[in-house]
Amino acid sequence: MKVYFVRHAEPNYDNHDDLTRELTEQGRKDALLVTEFLKDKEIGAVWSSPYHRAIDTVKDFADQAGLTIHTDYDFRERKVGDGWLDDFDSFAEKQWADFGFALEHGETLGEVQTRNLEALQRVLDSFGSASGEAGCSNVAIGTHGTALSTVVNYFDTTFGYGDFQRIVDLMPWIVELEFENDRCVGVKEYDLFRKTCLERL
């Protein structure tokens, strides 16, 4: 079974509301690259963070495949704090150096990682080896850059701040996790713009 995590396409940063932040016009165009990538991957179910930019990135594929988008709140992006953060790079570096660091009313990377892994396990448990809605055995999940990075870090601990900086502006970005009996046996990163694949595990 393969799980394809899809980091959303370019969002409208003028909208500071995490839930409703939509894709830009360029983001909507780039989301079509996701459709093209996933169309032959035998996807039987589509899940997503409830945030609009994540849903909208996988929506064209789901519509074309005739699949419903299921949402799980635990796939949402990390909460930084109560306000908009201008110096994001310094904050991100501190968080990657210490998975227990958070701003007031924000989340640690450890907390983000835990809830995303719990959501992933629920998907694996519900889908398992059974065929999905389209009679296929693989899953696509619409997600976010930091949330997905913590998932990759769990399965490959060499993924750290330098890797996060490498992908911070890569939208969309796809990571494939391959499972055998609930054990991850493969991790691959896909750059849809350069059409490259990086095998991490």
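The values are calculated or read from the model by the stated rules, or taken from the named source; none is laboratory data. Please read these numbers as outputs of a predicted model, since none were measured by experiment. Virtual Cβ from ideal backbone geometry, glycine too; neighbours counted across all protein chains shown.
Below, the figures for the structure above:
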read-out	value
Restricting the range 173-201 to residues that are within 20 Å of His8 (Cβ to Cβ) and among the aliphatic types (A, V, I, L, M), the residue that is surrounded by the fewest Cβ atoms within 10 Å (Cβ to Cβ)	Leu198
Yes/no for Asp74 being surrounded by fewer than 19 Cβ atoms within 10 Å (Cβ to Cβ), modelled with pLDDT of 95 or more and under 20 Å from the mean Cα position of the chain (by Cα)	yes
Residue in the range 175-198 that is within 30 Å of Thr68 (Cβ to Cβ), of a type in the set (S, T, N, Q) and either modelled with pLDDT under 95 or in contact with a His (Cβ under 7 Å, 6 or more places away or on another chain) (or both) present	yes
Test: residue in the range 6-15 that is farther than 22 Å from Thr150 by Cα and in contact (Cβ under 8 Å) with a residue 60 or more places away in the chain	no
Sole exception among (1) modelled with pLDDT under 95; (2) over 26 Å from Arg28 (Cα atoms); (3) not polar (S, T, N, Q) for Gly162, by number	(1)
Hits in the range 148-172 (condition: buried (at least 22 other Cβ atoms within 10 Å of the Cβ), closer than 16 Å to Val187 by Cα and touching a Lys or Arg at 6+ places or on another chain (Cβ under 6 Å))	Leu148
Residue identified as hydrophobic (A, V, I, L, M, F, W, C), within 16 Å of the chain's Cα centre (by Cα), closer than 24 Å to Ala9 by Cβ and not in a helix (DSSP H, G or I) among Val123, Val139	Val139
Residue within the range 81-94 that is within 20 Å of Leu177 (Cβ to Cβ) and touching a residue at least 12 places away in the same chain (Cβ under 8 Å) present	no
Candidates Gly110, Gly142 - the one that is small (Gly, Ala, Ser), touching a Ser or Thr at 6+ places or on another chain (Cβ under 9 Å) and more than 29 Å from Leu67 (Cβ to Cβ)	Gly110
Close pairs (8 angstrom Cβ cut-off, 6 or more residues apart or separate chains): farther than 12 Å from Ala9 by Cα and at pLDDT below 95 in the range 42-62, of a type in the set (Ser, Thr, Tyr) and in a helix (DSSP H, G or I) anywhere	none
Any strands (runs of 3 or more DSSP E) falling wholly within the range 1-118 and containing at least 1 residues that are in contact with a helix residue (DSSP H, G or I) (Cβ under 8 Å, 6 or more places away or on another chain), aromatic (Phe, Trp, Tyr) and under 30 Å from Gly135 (Cβ atoms)	2-7, 43-48
